[in-house]
Structure formats: C-alpha cells, structure tokens
Amino acid sequence: MRIAVLCLQHNTASENIYWSTNHTMADGGRTVKFSENPESMDKALPFSVEETSGANDEVHGMTLPEDNLDTQQAILESLSLRACTSSPPLRIIVKYGNLEHQKADVLGFPLLASKPDLDVFNITKDLKSTAENTFSNLFSTVLKSKKALQPGSCVELPTAEANYSLNCKYVIFINCSSWSNACDSPEKVLRDGIRTFLNKSNSMKGVKSVAVSAIGTGVALNFPNELAATIMGKEIKSFIDRHPDRNIKEIHIVIKQLQKYENVYIAYREILLAMDLGPRIKLCNKDGGCFTTITPGEHTQKKAGRLTVSVVYGDIVTESTSAIVNLTNFTTWGEHSVAKMIFTSAGADIIKSAQEGHDSGKKLVMTRAGHLNCDWILHCNCNGKLSNISDLVSEILSKCEHVGLKSVAIPAIGTGECRLRCEDVARCMMKGILPAAEKTNLKCLSCVRLITYSPYIYHVFCAELQKYFI
C-alpha cells in the first residue's frame, strides 16, 4: 500500500525586531545584534535589540494511506476532534472601542513599513497620546536609524515593567504596505504581518489574550474592508490549524466607534460570520455572545418623499416588481454574475432583444421579462465606473416614472464583476435616488428595492439608507 505524507510546514522570510533581557533564538535564523554593549548606543537601552529572519513554524507530519480516502477522512476528523477536546475554542471578539485602552496581554498596532512613525495613523497617534512621552521616546530611540522596515515584519516593545499607562505586557507593531503600493504585494505583506504577529504573540511567556486593530483598513492603508477582514479570518484559522494547543485564548478585533468606521465593523462581523472558521474558533460579540445572522428576504425600508426605498437581502431574479435592472455589457457575462442569472432565467429571446436595443444606440434598453416574475427588464451598463452610478440610478427611476411603472428592483451596481467597493456604491446609489425622492409630482413610481446578494453588502446599504433617509 502506498503511503502519502501529510506535513504542514510554514516558512517565512520576514524581519522581526524585538527586545528582551535574555533571548536565545531556537529556530536557527539569522541574528544581528544592534546593541549588546550599552556604549554602542547614544542612549543605553535596558535590553538588547535583535533582528531575526527565517523563522519556521512547524507542525508534526503524519502518514495517511493514499489509496483510502475514507481512512484519510477518519484520521483527519480524529485529529480535529482531538484538538477540539484538548483546549477550548479560540474566541474571536469583534467589538467597538479604543485599542490603546484595551486590557490584553498584547496590543497589535499597524505601522507603515516605508515610514515607521507613530504620527502616520490616527490609531498610533492615540497610542502615543495615551502612553505618553516615555513610550514615544523609547520608540524613537529604537527606530531612529531605520527609515523603513521590512514589510510583513513585526516590531515588539515590552511594556509590563514600565509605566506607559497601557493595560498590556507588550505592544507589537505590524509593518504594513499601502493597498496602492503594488511593488510590495500589499495582500501578501498583510498576510505575513498578521501571521508573524500571531506566531510571535503565541510564543511569548504568559500571553493568553491579544487585541488588534482592523489592520489594513482606513485611509492610509486603504485596503477594501472585505479583503482586510477576509485576510484576518484566514490567518487566524491558519494559526489555529498550526497551533491546536496554542497559548492564546482570545483575540479581540477592536474598531473605533465612529460613524466613519461603521462599515469596518460590519465587514469584520459579517465576513467572519460567513467564513467556515471550524469548531476550534468561536466568533463572539463584545458580551461574549453570538452574533445574529440574517436570512434571505430580510429587508429595511425608509420613506423618501413619495417613494418607499427598501434594502433587501435576496435574489433579484425572484423579484416580482414591475421591473428589475440588469447590469450588463451586452456581450459577455461571468459565470456567477447577476447578468448571467437574469439572462439564463429570462431566456434566449430576451438576450437577443437586449443586444439589438444596445446595438441601436440605446443607453437604457427595456425588454419584456421572459420567464421571470417581473414584467420588464431594464438593461444598462455602468462601464465599471463609480462616477456613472448616481446618474444611472436617476435615469432608471425617471424611465420607470415615464413609462408608468410602480416598482423597480435594482442590484448593488458594480459590486460583482466590476469589483467596486460596496461602501462607495451604496453612497452613490442613495445619491441617485434623491432627485426622485424630492419630486412632489411622482404619479406612478412608488417603490424602489435595492437588492443585495451578501449579508455584508446588505448591512452596508442599510447603514447608508439610514444616513440619507429619515
């Protein structure tokens, strides 16, 4: 019988800068002593500074019978069950708060690798203000010779024995690259940074809890909220797979409670809820309880002048409104796109009619609905540009009123194949609805339904709806 070897091994070539009174490297990585002799520095530090690379995380390998899939599955399930029973699930707690005020063994903050300065991010400015001058001086002294750090690495400062007004033992900075910095492969940098942060925290003596910001989000790093949350979730799950008997028991993901960060909180909550995190991870709210999930058909509505505007979590193909809107380029559509679902359900005759209308120069093509529940389909194209969305929505509503339609269902334009950020799309679509909502002479159109296909997009649209319409 042939034997396949299952061996999970992770190798990173990241840079870790850390301070300790007596630290011995056990991974065989490169070591560079910056300060063993206090006389070698302008200002002596009460600890040594080391740079490491090539750290290895290993998980013991085991053999699986290659030809017997049932046996393989049984062994893997046994391993999973053993890991589940050996330690309680890791708790991921998503909550609002100020990271610098959290009580945890480790606090994780972002740093811009190309400019490691506490004044770059608002969150590190808050840390600087809370921890006061002694912490800032230590940070500046240690990094004064470094104009840049290795992206994806971590910088550690111990705080347990000093009075920095922080409720933690360590502060670890995750060195990130901006989303717009294509040279540094920002996604990989973020993955590496979070992985290094979790591994390093887990290796520290007495560390059972960590609190970290929504790394990657915000104006300076500018990652899409969904992507940043997905990377965080995947790295935490990977960490658990590598360390089933880990020391860390809780990971707090802390988002500042300001309206501009509301979508960040929604992203982490909904993306992590939707992920298969496995039985060894429990996602919790601030009180330790479970988040509630939404079901298809759930909706929120507001009155906007003579219009009722609803945000719906559902499938636009099943809508029974007077018309639905189909976003398409009229030539090709992706396998999982809304256009594909609509055209497939409506039938070949509708595809032909839509293409003929487009070829005749029409920007907004109106056809019958074929086999769908609605009466009409309005076909149009945003051309992948966010700047087109507001005017396009206004034109759709004007068309509905002009031809005497009472209701219309519109998808979250551009959030699929065009990959536009749903926060921006929601804002533009609400702006597009405003002109119709402000009209006092509407005679036909009374209902606008905004159809979202994911819980995250649904909640983002609901948040924007609350801002625009009372």
For the stretch 345-455, list the helices (runs of 4 or more DSSP H) that sit wholly inside it and hold at least 2 residues that are within 26 Å of Gly297 (Cα to Cα) and of a type in the set (A, V, I, L, M, F, W, C); which are they? 389-403, 422-437
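Residues are listed down the side, and each one gets a yes or a no for (1) free of Cβ contacts under 8 Å to residues at least 24 places away in the same chain; (2) open to solvent by less than 30 Å² (accessible area, probe 1.4 Å); (3) among the polar types (S, T, N, Q); (4) closer than 12 Å to Arg91 by Cα:
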site	(1), (2), (3), (4)
Ser238	no, no, yes, no
His243	no, no, no, no
Glu262	no, no, no, no
Tyr268	no, yes, no, no
Number of the exception - Lys146 against (1) open to solvent by less than 60 Å² (accessible area, probe 1.4 Å); (2) of a type in the set (Lys, Arg); (3) closer than 18 Å to Leu107 by Cα: (3)
Residue ID - most open to solvent (accessible area, probe 1.4 Å), chosen from residues in the stretch 317-338 that are within 12 Å of Ala412 (Cβ to Cβ) and over 25 Å from the mean Cα position of the chain (by Cα): Leu327
Among the residues of the stretch 211-230, which ones are open to solvent by 10 Å² or more (accessible area, probe 1.4 Å) and either assigned to a helix (DSSP H, G or I) or over 16 Å from Ile194 (Cα atoms) (or both)? Gly218, Val219, Ala220, Asn222, Pro224, Asn225, Glu226, Leu227, Thr230
For the stretch 178-192, name all the residues that are touching a helix residue (DSSP H, G or I) at 6+ places or on another chain (Cβ under 9 Å) and among the small types (Gly, Ala, Ser). Ser178, Ser180
Quick check: is even one residue across the stretch 128-136 of a type in the set (Val, Ile, Thr) and either touching a Ser or Thr at 6+ places or on another chain (Cβ under 9 Å) or open to solvent by 40 Å² or more (accessible area, probe 1.4 Å) (or both)? yes
If we keep just the residues of the stretch 400-417 that are more than 34 Å from the chain's Cα centre (by Cα) and among the aliphatic types (A, V, I, L, M), which is most open to solvent (accessible area, probe 1.4 Å)? Val403
Selected residue (only one of Leu397, Leu386, Leu378, Leu392 is crowded, with 16+ Cβ neighbours inside 10 Å and more than 20 Å from Cys418 (Cβ to Cβ)): Leu397
Scanning the stretch 83-135 for residues that are among the small types (Gly, Ala, Ser) and out of contact with any Leu (no Cβ under 6 Å at 6 or more places or on another chain) gives Ala83, Ser86, Ser87, Gly97, Ala104, Gly108, Ser114, Ser129
Can you tell me which residue is most open to solvent (accessible area, probe 1.4 Å) among those in the stretch 198-208 that are out of contact with any helix residue (DSSP H, G or I) (no Cβ under 9 Å at 6 or more places or on another chain) and not in a helix (DSSP H, G or I)? Lys205
Only strands (runs of 3 or more DSSP E) wholly contained in the stretch 251-322 count here; list those with 1 or more residues that are closer than 19 Å to Leu465 by Cα. 299-304, 307-313
Could you tell me whether the stretch 279-287 includes any residue that is closer than 18 Å to Leu198 by Cα, in contact with a Cys (Cβ under 6 Å, 6 or more places away or on another chain) and open to solvent by 30 Å² or more (accessible area, probe 1.4 Å)? yes
Only residues that are β-branched (Val, Ile, Thr) and either open to solvent by 20 Å² or more (accessible area, probe 1.4 Å) or closer than 20 Å to Phe223 by Cα (or both): list them for the stretch 418-470, please. Val425, Thr440, Ile457, Val460, Ile470
Which pairs do you get when a residue that is in contact (Cβ under 8 Å) with a residue 24 or more places away in the chain, found in the stretch 402-423, comes within reach of a residue that is open to solvent by 20 Å² or more (accessible area, probe 1.4 Å) and aromatic (Phe, Trp, Tyr), reach meaning Cβ atoms under 9 angstrom, with the pair 6+ apart or on two chains? Val403/Trp376; Leu405/Trp376; Val408/Trp376; Pro411/Tyr453; Ala412/Tyr453; Thr415/Tyr453; Gly416/Tyr453; Glu417/Trp333
Taking the stretch 245-281 and keeping only residues that are under 27 Å from Met204 (Cβ atoms), under 18 Å from the mean Cα position of the chain (by Cα) and of a type in the set (D, E, K, R), one is left with Lys256
Out of the stretch 356-365, which residues are within 29 Å of Arg421 (Cα to Cα), open to solvent by less than 60 Å² (accessible area, probe 1.4 Å) and of a type outside the set (Val, Ile, Thr)? Leu364
Here the residues within the stretch 247-257 that are open to solvent by less than 10 Å² (accessible area, probe 1.4 Å) and at pLDDT below 95 are none
Scan the stretch 185-196 and give yes if some residue there is among the small types (Gly, Ala, Ser) and either crowded, with 24+ Cβ neighbours inside 10 Å or touching a Ser or Thr at 6+ places or on another chain (Cβ under 6 Å) (or both), otherwise no. yes
Looking at the stretch 148-162, can you tell me whether even one residue there is over 23 Å from Arg191 (Cβ atoms) and of a type in the set (Ser, Thr, Tyr)? yes
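The values are calculated or read from the model by the stated rules, or taken from the named source; none is laboratory data. Note that the structure is predicted; figures quoted are calculated from it, not measured. Using ideal geometry, Cβ is built from the backbone for each residue, glycine included, and neighbour counts are taken over all protein chains shown. Protein only, heavy atoms only, side chains kept; ligands, DNA and RNA dropped before computing areas. Shrake-Rupley method; radii C 1.70, N 1.55, O 1.52, S 1.80 Å.
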